[in-house]
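Every read-out reported here was derived from the displayed coordinates using simple, explicitly stated rules and does not represent laboratory data. Since the structure is predicted, the reported quantities are computational estimates derived from the model, not experimental observations. We place every Cβ from the backbone using ideal geometry, glycine too, and count neighbours over all the protein chains shown.
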Amino acid sequence: MKIIIHRGSHEIGGTCIQLCTSTTTILLDLGLPLSPESRELNIGALKPNAVIISHPHQDHFGLIDKLPPKVPVYIGELGKSLIDVTRVILGNALHNNNFRHFKSWQPFSVGDFTITPYLMDHSAVDAYGFLIEAEGKKIYYSGDFRAHGRKHKLFDNMVKIPPKEIDLLFMEGTMLQRSNDKFPSEKAVEEKIFETIQKQKNITFLISSSQNIDRIASAYRACKRTGKILVIDIYTAWILEKVRRVSDKVPGMEREEVRVYADFSLDNKLKENPEYFGDFRSRIYKHRIQWKELIASPSNYLYFGRMSSFRKIRALRGAEPVNVIYSQWDGYLKGSNKDYFGAEQMAAIQNDPQINFVYAHTSGHATVKDLQKFAAALNPNMLVPVHTEYGQEYSQLFKNAKILNDGIVLEL
Ligand SMILES: [Zn+2]
């Protein structure tokens, strides 16, 4: 088997790994690079028989629109539907790829390859690692994963009963040189939210991603414990609708402790796409909250927002400080509005005397200790770093590490 990492051997984002037998070529992920120095990739020349997407984060699927539309793109069904949600909300056309769906732990075939998806704990839902078998070889691709989210049991089970006799493990290493000590788990984040809203005298905003379902669950649980109301916007409410089709444990707008704030622009998206949203718009009405209700008793609410919520935050400043719980990677705060709308305003809010700025975030990626547990359990003959900026450190941290460079062919 021939193996080429096209991108990802020395960077986070843009992951793309090619595996070829004599008759079949597959790509593992086809991500949008996050770094401008990233290597050029001529997707047209790769001619894959299929592309396998680990999870619905841009840096893993973001270039699938460059594929010929006939090429099968395998992805979890929920993951695909969450990609669609963002496209519709942003006013972009849906992808016209040839999508196919797999189910966790159910092997499927692409030519010579047999691929078994393993559901993983990550900050994106519907995230998978893959066991890939062909020509008598076994490869495991970890995708992005962690051991400290709400689905940590998936990691625990994997370490307890790992796939055996792995020839090659591609393992992510986002957290090398990054610490998760302040908030080692999703539970620790929930505690900080709880503590903050319990004593609030004005509203609290939680700044995070609407696709981080674990985080929404933490916000919801903190509200339930304190008798507060969780306010979500239309985008978040619709994402929860999608996720609830798979798991009814996830809170949705029907819950007593949840209300939907209908921004004009998002409400317009519902009006513009009646076929896509079905009866969702009419169902929201029962669960809506008005601006006047928010300002009448702001300390009753936790608003699940994002960077672009800065206008609402400013509008609710008063005699008592507004709490802003910043609950995503702090690197975004150093970016410009071009990369992430609202980043500059949010960075300025940190120094606003009428705002109590709190940081509470746990990573979507495994710590070095958990990576070591994972690598030891799978015990591969060869461990190749991907999705990391510090691949050269793998040799000190893990057994059998082999550092590849982008574009180099490895014969297995
Ligand atoms: Zn990811």
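Annotations
- Here 141, 340 are placed in order of increasing Cβ neighbour count within 10 Å, fewest first, which gives 340, 141.
- Full-stretch length increase - residue 315, residue 292 - with 0.36 nm per residue and alpha-carbon distance subtracted: 7.1 nm
- Additional length obtainable on full extension of the chain from residue 279 to residue 357, 0.36 nm per residue less Cα span: 24.3 nm
- Over the residues of the chain, the helix contribution to mean residue ellipticity at 222 nm works out to -8000 deg cm²/dmol, using -39500 (n - 2.57) for each DSSP H run of at least 4.
- Helix 368-378 axis, angle to the chain major axis (alpha carbon atoms, nearest 10°): 40
- Anchor residue 2: lysines whose Cα lies under 24 Å away (excluding residues fewer than 8 positions away in-chain): 47, 66, 70, 137, 138, 164, 399, 402
- Inter-probe distance in nm under a simple model that places probes 7 Å from Cα toward Cβ, at residue 99 and residue 181: 4.2
- For segment 239-391: rounded, prolate or oblate by the Cα gyration tensor [a/c cutoff 1.5]: oblate
- When the Cα positions of 323, 366, 333 are compared along the charge dipole of segment 322-412, 366 comes out farthest toward the positive end, with charges on each C-beta of Lys, Arg, Asp and Glu.
- In terms of overall dimensions, the C-alpha atoms belonging to segment 1-124 reach 42, 37, 30 Å along their principal axes, ordered largest to smallest.
- Projected label distance in nm at residue 201 and residue 339, using a 7 Å step from Cα toward the beta-carbon: 3.7
- Sorted fewest first by neighbouring Cβ atoms within 10 angstrom, 240, 333 come out as 333, 240.
- Two-decimal Rg to Rh for the chain - Kirkwood Rh, Cα set: 0.98
- Straight-distance crosslink candidates among lysines, where the alpha carbon sits under 25 Å from residue 269 and sequence neighbours closer than 8 are dropped: 80, 242, 286, 292, 312, 338
- Charge tally around residue 97: other residues with Cβ under 13 Å, Lys/Arg +1 each, Asp/Glu -1 each, net +3.
- Once the chain from residue 409 to residue 255 is taken as fully extended at 0.36 nm per residue, the excess over their C-alpha distance is 50.1 nm.
- Computed from the C-beta positions of residue 225 and residue 70, the FRET efficiency with R₀ = 51 Å rounds to 0.50.
- For residue 187, a cut-off of 22 angstrom between C-alpha atoms picks up these lysines, skipping any fewer than 8 places away in its own chain: 151, 153, 199, 224, 228, 249, 369, 373.
- What you get for the chain, charging only the Cβ of Lys and Arg (+1) and of Asp and Glu (-1), is a dipole of about 1060 debye around the Cα centre.
- The packing ranking, built from the mean of other Cβ atoms within 10 Å per residue, places the peptides 46-52, 376-382 in the order 46-52, 376-382, highest first.
- For the chain, the longest principal axis of the Cα atoms and the long axis of helix 213-226 meet at an angle of about 30 degrees.
- Relative contact order (%) - criterion: Cα under 8 Å, at least six apart; region: the chain: 20
- Simple point charges give the picture: +1 on the Cβ of Lys and Arg, -1 on the Cβ of Asp and Glu, and for segment 186-239 a dipole about the Cα centre of about 260 debye.
- Near residue 122, once Lys and Arg are set to +1 and Asp and Glu to -1 for all other residues with Cβ below 10 Å from its Cβ, the sum equals -3.
- Residue-count net charge about residue 349 - beta-carbon cut-off 15 Å; Lys, Arg +1, Asp, Glu -1: +3
- Once both labels are positioned 7 Å from their Cα atoms along Cα-to-Cβ, the gap between residue 18 and residue 32 label points is 2.3 nm.
- Tilt relative to the chain, helix 186-198 - C-alpha long axis, 0 to 90 degrees, to 10: 10
- Descending by average beta-carbon neighbour count within 10 Å, the peptides 295-305, 216-226 line up as 216-226, 295-305, the highest first.
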